[in-house]
Structures are given as structure tokens and as C-alpha cells.
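Taking it in order: structure first as C-alpha cells, then the write-up.
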Amino acid sequence: MPATAFSVRFARELDVDQLAILMTGTQPTPDRDGAELLSIFSDAIRADVQCSSCGKFGAGVVRPAKSRASKAVLRQAHFRFVDPSGGDAHHPFCEFYGDEETRSPQVSLLDFGSEKSAETRAVRLLVCKGIEQGIFDQRRIRDMRQWFFDLKSATRFTVSMPLEAISWAHALQRHPHYRRWQFHPAQAEMPAFDWKAAAKNQFTEDHFHLFELLKEIRSDDKIWQQATELARKNHGREVFNVTVLQPYYEAAISLCVFVAANSSVDFGKTQPEYYRWKGPPVALLALCALVLFVSDWEMNTAISAFAKLLSAPAPSDLTLGNVIGLNPFHEYAAWRLVTASAEVAAKSTGELDYDRQLATIEAALREQHRRWKSGQS
């Protein structure tokens with residue numbers, strides 16, 4: 001149920017009422033809504049309007065649903081994409097594909113015109129400048145969406161690892177594996193010997209090859225929780241392989257850090273040095289991805305574009321920021337944890353329960369010490 005879609009004719013993202021105004025020159029009213037105004041333009045809309053996620057054509061306009069008693073709007077007017085045979089026109093991997101009642105909302109889309117936070121207000125101003133200065137426009141924003149969608153949909157994988165693999169990999173990431181120490185039974189003769197610490201040290205020696213797989217993974221608990229939810233929701237299903245986005249994600253994060261640290265613009269409370277751990281403000285990430293995209297992913301070209309944006313005069317038209325942008329890295333960090341956890345699980349031996357393994361190791365060390373001591377007597 002996409003509330004907005006991209007019009008090729010008008011080269012912008014529009015909702016039903018906005019499209020009606022542009023196509024008919026008439027302002028919708030409570031008695032005659034935008035969907036009704038567009039009813040005579042169905043063929044033109046099918047050929048002109050694209051899904052903002054997968055780029056497919058075949059749009060139709062669905063009228064809003066209203067309560068008979070109160071006339072309150074129960075469902076907003078929206079676009080529905082239907083192929084020539086009457087089926088779903090969306091790409092099967094599009095987030096709008098399938099049952100309207102069960103699929104997730106399109107949270108990867110961002111309203112650059114929003115003023116809900118400091119970072120979106122700051123980014124909105126830069127978007128206005130970028131369009132006014134000719135650095136990008138809504139057509140290029142649409143091009144970026146399609147490029148990212150095609151890139152992700154070209155490679156896929158099936159979520160098939162054990163669900164406990166996420167908590168196992170999370171525990172490995174938190175484990176103090178930098179402490180290397182070989183156990184000898186004689187060490188346990190110390191009066192305050194720490195058996196739990198010894199078990200953790202032995203765990204490191206037993207699983208050191210797994211820590212190498214996670215050395216580049218840096219995420220907080222919130223993202224690990226999101227990864228668990230994604231794995232559970234999609235278990236047994238084929239999904240996008242978002243790891244193909246890694247070089248672009250790293251470039252976008254680097255640009256976010258540089259821009260936030262060198263622009264004197266307030267992009268929110270999180271300090272730039274923590275972006276790689278906690279993630280940058282989503283609106284800034286989306287804008288940096290867009291500037292890199294129009295700069296052919298060349299970092300210094302993108303930085304030059306930002307320098308032009310920041311030094312440009314205040315935009316004459318703040319409504320230029322009323323566009324829908326894309327966060328192409330929506331859920332990237334969490335999916336990266338899913339794929340990394342699957343790799344770790346595939347190379348693990350035994351059960352994937354961290355606490356149980358530590359208990360088993362401690363029991364084995366105690367038994368080793370008991371045998372050693374009995375041999376001494």
C-alpha cells in the first residue's frame with residue numbers, strides 16, 4: 001500500500017492528492033478527493049507512475065476508505081501496482097510485494113521535509129540547497145533507489161542457520177578473547193584461583209578461529225536484537241544479500257563522520273566518532289549516500305559537493321526539501337550480523353550455547369586438576 005510513488009512525467013515523488021493537483025489543476029476537497037479527480041487518468045497513471053522501491057510500473061489509484069457514520073478516513077488513498085494479467089506488479093523482493101495486511105511498512109523511505117528532529121531539519125536545508133544548486137534532483141534520487149534495489153536483488157541467500165547462532169555470535173563478540181593464557185593444573189593450587197576466568201581463557205584457545213570472523217563486526221546490543229528478530233521472521237526464506245553493500249556502506253559512514261566533524265552543523269546528539277558503533281543519524285546517512293551516488297562514489301568529489309552545499313546561500317524555496325529520500329542501508333547493520341552469525345555457526349563445533357560451553361570447560365579443567373593432584377600424592 002504505497003502512499004507515495006514516483007511520477008516520471010513530473011520527476012518527483014508524489015502522493016495521490018499531489019498527483020491529482022498536478023494532473024488536473026484542481027485542488028481536492030472532502031467531497032471530491034484526489035483519487036476521484038484522477039479516475040479519468042488511469043491509463044496515463046499506469047504508464048507514468050513507478051513504485052518507489054522496485055521501479056515497476058502499472059500503478060492504479062485506490063480511493064480512501066471512510067467511516068459511514070463519522071466520515072472519518074479509515075485508510076488513506078494510495079497506489080496499487082497491478083500487472084497486465086491482474087497480478088501483483090511489484091518485484092517479488094519488493095517490500096510492497098504481497099499481502100497488504102502482513103507486509104512491513106516502507107520504513108527505508110525518509111521524508112526529507114520532516115522537521116521532527118535537529119538532524120532532519122539540518123538535512124532538509126541541505127537537500128533544498130542541493131536541488132537549488134543543481135547538485136542532485138528528484139530524478140537522481142529515484143535513480144539511486146533503483147540502483148540499490150538492483151544491486152541487492154542480484155544476490156540472495158536463504159536464512160537457514162540455527163536461530164541460536166545470533167546469540168552465540170553476540171556472546172563471542174563480547175568475550176574477552178584478547179586475553180591469552182594456557183591453563184596448567186598447578187595454577188589451580190593458588191588459594192583464590194579464579195576457575196571462571198580460567199574457563200574463559202580456555203574458551204578463547206578453543207574458539208580462536210571464530211573470533212577472526214567477527215573482528216570487523218562492531219555493533220551495540222540494539223542492533224544484535226534487531227538481527228535476532230530479522231533471523232526469526234525470515235527463517236527459511238530467501239532474502240537480499242545485503243553484504244554486497246559493504247563497500248558503499250563503509251564509504252557512506254566515512255563521509256558521515258567527515259561531514260559531521262567538519263561542517264559546524266548540528267546533526268544530533270551522537271558524536272561522529274561513535275557513528276561506526278551506533279550508526280549515524282539516518283537522514284544524514286541517506287544524504288551522504290545520495291551525494292556519493294551522484295559523485296560516482298568518489299570520496300573527494302562528494303566532499304567537494306558538500307563544501308558547495310555548506311557554503312551556498314540559504315535556499316530561496318524551502319519546499320524543495322519536501323521530497324522522499326532513501327536510506328539504502330536500512331537494516332544493513334543487522335543483516336550483516338545475520339550473515340556473520342551464519343558463517344560463525346557453520347564453522348563452530350558442538351552446541352551454540354555460550355554459558356553451557358563455559359560450564360563444560362570449567363568442569364573439564366577442574367577434573368584435569370583433580371587427576372593431576374591425585375597423581376602428585
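Just so you know, all these numbers are worked out from the coordinates, no wet-lab data involved. In this text, all values refer to a predicted model and were calculated from it rather than measured experimentally. No Cβ is skipped: glycine too gets one built from the backbone with ideal geometry, and neighbour counts run over all protein chains shown.
What the table shows:
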quantity	calculated
FRET efficiency, GLN27 to THR301 (Cβ-Cβ, R0 56 Å, nearest 0.05)	0.85
Highest-first arrangement of 345-354, 9-18, where packing means the average Cβ count within 10 Å	9-18, 345-354
For the chain, calculated [θ]222 nm from helices alone, where every DSSP H run of n ≥ 4 adds -39500 (n - 2.57)	-15000 deg cm²/dmol
Simple spin-label estimate for TRP195 and ALA359 in nanometres, 7 Å along Cα-Cβ	1.3
Among 300-307, 281-288, the order from most to least packed when residues are scored by Cβ within 10 Å on average	281-288, 300-307
Efficiency of FRET from Cβ geometry, ARG370 and ASP143, R₀ 56 Å, rounded to 0.05	0.20
Label-to-label distance, nm, for residues given as ARG179 and TYR274 (7 Å Cα→Cβ offset)	2.6
R0 of 30 Å, Cβ-Cβ distance LEU318-ARG218: FRET efficiency to nearest 0.05	0.20
Percentage relative contact order, the chain, counting C-alpha pairs under 8 Å, at least six apart	21
